[in-house]
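One structure below.
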Amino acid sequence: MSTSTHPVTPDTVRHPRTVESLIEGQATSDGAGVKLTRLVDQTLHQRLDPFLLLDAFKSDSPGDYIAGFPDHPHRGFETVTYLIAGRMRHRDNAGHEGLLQSGGVQWMTAGRGIVHSEMPEQEDGLLEGFQLWLNLPASDKMAAPWYRDIPSEDIPEFVTAEGVRVLVIAGTSHGVEGAVQRPLTEPLYLDLYLPAGSRYDQTLPPAAHSFLYVYRGQVKLGERIVPEGKLAILADTGETDGVVLSSKHGSRTLLIAGQPLREPIVQHGPFVMNTKEEIAQAVRDFNAGRFAPQS
Ligand code: FE
């Protein structure tokens, strides 16, 4: 772990956001039959713009994950895979290959098109993690593909005076710059370990859309409990300046926020563009083999 050498500047939130709604998530499978829980889907595209999808997967039964995600395309957005436990091998048609291991993140910008596979590299044991899809602005949807593997030790982290451990995957928290920065959507992606009895303040820009997902224990926002396995959409109406979490018995929680793009969103499977015509073009390009890196 890389504890930041930068001074930590504690956030103080005066007008915290409240819980607007709790989302259960849908059990489903994707790829070649990987069991997962889909927490964010197309029904939340406008509400959680610029985020398009959040999947959670957790199983110690190889039958739930071993088939993995063989070769498949993407165009028009970014995928952020955060592995809590396990090993996943990534290969793409630009010749990149990487091994994502416990605590690591892979940030992949599909841009104009990539074909890749994401396969578990383990035959037993726990595989647990999350995949988030972050939209690209119209101006960047046809940009060159890009990706970065960020091992656990390269994810900046700090510990607050209350003992809350904060992993800053993207954005900036308490003055600590995360592993990835993005213009326009300015995503904030934090993994928060709240010890029992602790409180955590995180400032958020007023216009940012935000949500959290509790994957261990539970957290409290005001008087509202968010239990394990639930996604909470945070209200962003009125004068709010952030979010305040507390946890009686401890928790691990993802806190995710970003600036909405407010552009039309058209999704067809692994393609997310602005118009139906661009989707039709993506299908034609993929079928014609034009997702090759040199095209
Ligand atoms: Fe993929």
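The values are calculated or read from the model by the stated rules, or taken from the named source; none is laboratory data. Only a predicted model underlies this, so the values are computations on that prediction, with no experimental measurement involved. Virtual Cβ from ideal backbone geometry, glycine too; neighbours counted across all protein chains shown. Note: accessible area is taken over every heavy atom of the protein model, side chains too, but ligands, DNA and RNA are not part of it. Shrake-Rupley method; radii C 1.70, N 1.55, O 1.52, S 1.80 Å.
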Discussion item. Using a 7 Å offset from the Cα along the Cα-to-Cβ direction at both Gln281 and Gln101, what is the distance between the two label points in nm, to one decimal?
Written reply: 4.2 nm
Practice prompt. Quick one: order Ser139, Ser59, Ser102 from most to least accessible surface, probe 1.4 Å.
Written response: Ser139, Ser102, Ser59
Item to complete: Of all alpha-carbon pairs in the chain, indicate the percentage at a distance above 29 angstrom.
Response: 32 percent
Fill in: Of all DSSP beta bridges in segment 2-281, antiparallel share, percent nearest 5
95 percent
Worksheet entry | Amide H partners (placed H, <5 Å) of Ile150, local residues excluded | Val105, Gln106, Trp107
Practice prompt. For segment 130-146, just list the computed ³J(HN,Hα) in residue order, Karplus coefficients 6.51, -1.76 and 1.60, θ = phi - 60°, integers in Hz, with x standing in for Gly and Pro.
Written response: 9, 10, 10, 10, 10, 6, 9, x, 3, 5, 10, 5, 9, 5, 5, x, 8
Worksheet item: Taking θ as phi - 60°, what are the ³J(HN,Hα) couplings along segment 105-111 by the Karplus curve (6.51, -1.76, 1.60), each to the nearest whole Hz, with x for Gly and Pro?
Response: 10, 10, 10, 10, 9, 5, x
Worksheet item: How much length is gained if the chain between Gln122 and His249 is pulled fully straight, taking 0.36 nm per residue apart and subtracting their Cα-Cα distance, in nm to one decimal?
Response: 42.5 nm
Response to the item:
Relative contact order of the chain (C-alpha contacts under 8 Å, at least 6 apart) in percent is 22 percent
Worksheet entry | Nearest-0.05 FRET efficiency for Arg89 and Met142, computed from C-beta distance (R0 25 Å) | 0.35
Item to complete: Compute the Rg to Rh ratio over segment 146-284 from the alpha carbon atoms, using the Kirkwood formula for Rh, and round to two decimal places.
Response: 1.03
Item to complete: Quick one: give the max-minus-min coordinate of the C-alpha atoms of segment 232-293 along each principal axis, largest first, in Å.
Response: 55, 29, 18
Discussion item. Please report the accessible area of Asp140 (heavy atoms, 1.4 Å probe, ligands and nucleic acids excluded) in Å², nearest 10.
Written reply: 60 Å²
Worksheet entry | In Hz, Karplus ³J(HN,Hα) per residue of segment 179-187 (6.51, -1.76, 1.60; θ = phi - 60°; x = Gly, Pro) | 5, 10, 10, 10, x, 6, 7, 6, x
Response to the item:
Rounded to the nearest 10 degrees, the helix 276-287 long axis (Cα) sits at an angle to the longest Cα principal axis of the chain of 60 degrees
